[in-house]
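The values are calculated or read from the model by the stated rules, or taken from the named source; none is laboratory data. As the structure is a prediction and not an experimental result, all values here were calculated from the model. Positions of Cβ are generated from backbone atoms using ideal geometry, with glycine treated the same way; all protein chains shown enter the neighbour counts. Note: accessible area is taken over every heavy atom of the protein model, side chains too, but ligands, DNA and RNA are not part of it. Shrake-Rupley method; radii C 1.70, N 1.55, O 1.52, S 1.80 Å.
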Amino acid sequence: MDELNHQVLEEKPVPPPEEFSKKARVGSMAEYERQYQRSLEDPDGYWGEQAKLLDWVEPPKKILEWDLPHAKWFVGGKLNVSYNCLDRHLGKRGDKTAILWEPEEGEPVPISYRELHARVCRFANALRSLGVGAGDPVAVYLPMIPDLAVVLLACARIGAVHSVVFGGFSSVALADRIRDCNAKVLVTADGGYRRGRVVPLKATADQALESCPSVHSVVVVRRTGEPVNWKQGRDLWFHELSDKASADCPAAPFDSEHPLYILYTSGTTGKPKGVQHTSAGYLLQCAWSMQLIFDLREDDIYWCTADIGWVTGHSYIVYGPLANGATVVMYEGAPDHPAKDRFWQIVERHRVSILYTSPTAIRAFMAWGRQWVDKHDLSSLRLIGSVGEPINPAAWKWYSETVGKNRCPIVDTWWQTETGSILISPLPGATPTKPGSATKPMPGIVPRVVDLRGEPAKPGETGYLVIERPWPSMLRTIYGDDERFRREYWGRIPGVYFTGDAAQCDRDGYFWILGRVDDVIKVAGHRLSTMEIESALVSHDAVAEAAVVARPDEVKGEAVVAFVTLRANAKPSRELNEQISEHVATTIGSIARPAEVRFAQALPKTRSGKIMRRLLRELAQKGSVTGDVTSLEDLAVLEQLARTKGIEEG
Ligand code: WTA
């Protein structure tokens, strides 16, 4: 853990702008403290009250049943998630724009609540016509187009369980995820656009499906119009199916704990985990946190720049905003297309008032220079947010000055795929902020920084971040592997939820998240597993052994460094180096492509044969190794490694 022992900044907290606080839902620390205390002293009363944010067919009989590690929230309640995101808005907001879609090229497309509702109903019926019913998994592999939101809500409407796979994943990664959940239907597109280039999603899906016998129907959205291979009897056009289907699809009530979706995320082994979320608790906490953290108002134009392929898009593009009847901007493409001011052009054009983006994006904007930002009128912005990785104070300050014009509060929001919604964040009208700290827990959330025995760390001491009590939007299990759920999240430190993050809590009770303590790395906010990359590496013919570590990267937060030993018949060369990198990109996706592949004669191991990643990390970060090396099997290995710096320098 020492390597994570950053020096936390003991800065004086800056209170939110007075103007903002005056109008905010939570306008002072006293009000925050009051809610927080109440949520701890009377959790049932607190959450029972918040539950009124949703429309129930049958109200819950009991707020929580907690049999560690299994939680059931809002027991006995029944509702329909898509009804809460659509139907209930039709009276008051039928013509309000629900999704304001900004394609990479061409004119923006506004979609009203009424239209979104109709599209969802049609596609829900279309899914039914393919034999999809309540509880059935539906795999989704789509670009950032409105149909993606339609598919999610259509699944929710009929109680089907969506499993979205990020469009940047390769065929192998897609196939693994489809096989794990046994989906019978896949929804994909002929392709998507990225920086003006066509991403051939259908072709990738076709490849994946060669090893997915469970899939009997593939629904294809026409986005690019490029020719695609067509398998008669299996492949169907999205628009043809929808056109044929009735727009009448009453929202059936489902139990609070009815599964809503599975979302695969990387863990400590090569096998991705299917994080399972359920209906009422998840939706409620997304909707509730939208109100508290983004201080959402009826006339806000809210833009979350994440991809719906990740949890941020699920919770804060689809479910949270739509449950609140908000207008959400959805952008199809890259931040530098056609030029490096694309984001600011979008903010200006749509008068975006709330912007939620990632530290990697912010650092890229910093590197590109403020002239791109200054070309545009950002006066519509009133609140800006950050998510997905630690934001360094320099990037925080740049964001605050250059984008927020020292006028907009910043919410640095900490959470995970597993937590479902934001757990640690400033409330923008209340919490004084410190650049680099996610500040304080949300009401109902009890985080602690502890050692491995569960003993609390002192203020400013690094420890493991854990959460003490269950919360409504927490994952319920790992799909098909409840034992792993118990072991990885609730068994590391008995009785508490283990986040996998290192953190410090300072004297003011502010949380500083320092990064992962497990084999998860975050490259540009994308969550990757070192083990998954290692298994991709060793599946290359020339590779014998591989170890992957992260090194800090100025823009992307972390970068992948791979150490490999070659099989006897392979010789190190620049071509081979590139081939191996490319192999990782085609096996997992280009997001996992190593920044560096370093050839070694052997990997440093302990006497029991475990690869000493700590040493490799040090090597990757500093180029040399210090510290205790007595447990090394072979010191020469390490010396040789320290001299090796990829073939290009050797
Ligand atoms: C990291 C993304 C620091 C953390 C929503 C966590 C953060 C992992 C922050 C989850 C933040 C997320 N400050 N680190 N504000 N937000 N993280 O599942 O390491 O893709 O465990 O969910 O991202 O990543 P995931």
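For this structure, a couple of remarks:
- Prolate/oblate/rounded call for region 520-644, Cα gyration tensor, a/c under 1.5 rounded: oblate
- Shown for the chain: cysteine residues without a partner Cβ closer than 4.7 Å, namely Cys85, Cys155, Cys181, Cys212, Cys286, Cys304, Cys408, Cys505.
- Amide H within-cut-off set for Asn80, under 5 Å, with H built and near neighbours excluded: Val57, Phe254
- Accessible surface, region 520-644, averaged per residue in Å² (probe 1.4 Å): 46
- Volume per residue of the convex hull around the Cα atoms, evaluated for region 97-183, comes out as 91 Å³.
- Taking a straight line from the alpha carbon of Lys271, these lysines sit under 18 Å away, with near neighbours fewer than eight places off in the same chain left out: Lys522.
- For region 509-593, GluC sites (Glu not before Pro) are listed when DSSP marks them as loop and at most 12 other Cβ atoms sit within 10 Å of their Cβ; the list is Glu554.
- HN-Hα J in Hz across region 41-50 - Karplus 6.51, -1.76, 1.60, θ = phi - 60°, x for Gly and Pro: 6, 9, x, 5, x, 4, 5, x, 5, 4
- Between the residues Val561, Gln601, Leu616, the greatest Cα displacement towards the positive end of the dipole of region 520-644, with unit charges on the Cβ of Lys, Arg, Asp and Glu, is found for Leu616.
- The apolar share of the surface of the chain, taken as the fraction of accessible area on carbon and sulfur atoms (1.4 Å probe, ligands and nucleic acids excluded), comes to 50 percent.
- Placed amide H near Val221: partners under 5 Å, 5+ positions off or other chain: Thr188, Ala189, Asp190, Phe238
- 222 nm mean residue ellipticity, helices alone, for the chain (DSSP H n ≥ 4; -39,500 (n - 2.57); rounded to 500): -8000 deg cm²/dmol
- Length, then width, then depth: along the principal axes, the Cα atoms of the chain run 74, 64, 55 Å.
- Contact order, relative form, for the chain: 13 percent (alpha carbon pairs under 8 Å, 6 or more residues apart, mean separation divided by residue count).
- Cβ-placed point charges (K, R +1; D, E -1), dipole of the chain about Cα centre in debye, nearest 20: 380
- Loop trypsin sites (Lys or Arg not before Pro), region 178-211 (other Cβ atoms within 10 Å of the site Cβ: 12 or fewer; DSSP): Arg195
- Each residue of region 80-92 is assigned a 3J(HN,Hα), and the resulting list reads 10, 5, 6, 4, 5, 8, 10, 3, 5, 8, 4, x, 8 Hz, derived from the Karplus form 6.51 cos²θ - 1.76 cosθ + 1.60 (θ = phi - 60°), x at Gly and Pro.
- Applying D = kT/(6 pi eta Rh) to region 228-335, where Rh is the Kirkwood radius over alpha-carbon pairs, T corresponds to 10 °C and eta to 1.306 mPa s, the Stokes-Einstein value obtained is 94 µm²/s.
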